[in-house]
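The values are calculated or read from the model by the stated rules, or taken from the named source; none is laboratory data. This one's a predicted model, so the numbers in the text were calculated from it and none came from an experiment. For neighbour counting, all protein chains shown are included, and Cβ atoms are generated from backbone atoms with ideal geometry for every residue, glycine included.
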Amino acid sequence: MTNKALQEERTRSYFIEATKEILKGEGSKALSVRNIAERAGYSYATLYNYFKDQTELVSLSVLEFKDECRDTVNKSFRKSDPGLEEIKGIVKAYISYFVQYPGVFDLFYIEKLASKSVNDEVINFLDTLCQEDWDYLMSIQHFTIEEVVGIRSILNKSVIGVLLSYLKRGTPSEYSAFVKEIDLLLENVLKK
């Protein structure tokens, strides 16, 4: 890679990191081309030398947030045998990530600031994280494919719902009660 290409990549990364910092710390309402450029240490006009618009930057940030969330999920719990316990661990780590970064939750599920293809990818992200375990459960005939389709849909919508309730409405008000609610949800949704 040439020095010029390295410099361009480094500059692009400064803008992406600045976008992520604003989204994590202040949320999407604080996001503007000027704020991003200022945080990155450049003029806003320079941003347009590297990115088409703010939506492209947000889309790239969302993809990096997905990678961060995947890393969090993979590091948060000791991998157990594939199956229901693994899915429960994945869901809890996934929820924990969004509790830690509520601005990212807004971006993923409320604001929809990224491109449509990135938003579509995000909606199915929890499914993607659990895919190997769902496949295993079907291979041992614990669930049929029809059951898995229904359970996945219920689980995705329920997880988004409890996160929305906790992060936006403060219900329940105590984190310990929220964790108990998640445990109850997982027990009920994942039982046969």
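In region 34-58, which residues are in a helix (DSSP H, G or I) and either charged (D, E, K, R) or within 22 Å of the chain's Cα centre (by Cα) (or both)? If the condition is that a residue be in a helix (DSSP H, G or I) and either charged (D, E, K, R) or within 22 Å of the chain's Cα centre (by Cα) (or both), then R34, I36, E38, R39, Q54, T55, E56, L57, V58 are the ones that fit. Criterion applied to L184, L107 was being assigned to a helix (DSSP H, G or I), under 17 Å from the mean Cα position of the chain (by Cα) and in the same structural domain as F77 (by TED's automatic domain parsing), and the one residue passing it is L107.
How many of the residues in region 11-33 are assigned to a helix (DSSP H, G or I) and either modelled with pLDDT of 95 or more or surrounded by 14 or more Cβ atoms within 10 Å (Cβ to Cβ) (or both)? Selection size over region 11-33: 16.
Can you spot a residue in region 122-136 that is of a type in the set (V, I, T), over 22 Å from A30 (Cα atoms) and either part of a loop (DSSP other than H, G, I, E, B) or in contact with a strand residue (DSSP E or B) (Cβ under 7 Å, 6 or more places away or on another chain) (or both)? Checked region 122-136: no residue is of a type in the set (V, I, T), over 22 Å from A30 (Cα atoms) and either part of a loop (DSSP other than H, G, I, E, B) or in contact with a strand residue (DSSP E or B) (Cβ under 7 Å, 6 or more places away or on another chain) (or both). Scanning region 57-104 for residues that are among the basic types (K, R) and either surrounded by fewer than 20 Cβ atoms within 10 Å (Cβ to Cβ) or touching a Pro at 6+ places or on another chain (Cβ under 6 Å) (or both) returns K66, R70, K75, R78, K79, K92. Say whether the condition of being in a helix (DSSP H, G or I), more than 27 Å from N188 (Cα to Cα) and modelled with pLDDT under 95 is met by at least one residue in region 148-162. For region 148-162, residues in a helix (DSSP H, G or I), more than 27 Å from N188 (Cα to Cα) and modelled with pLDDT under 95: absent.
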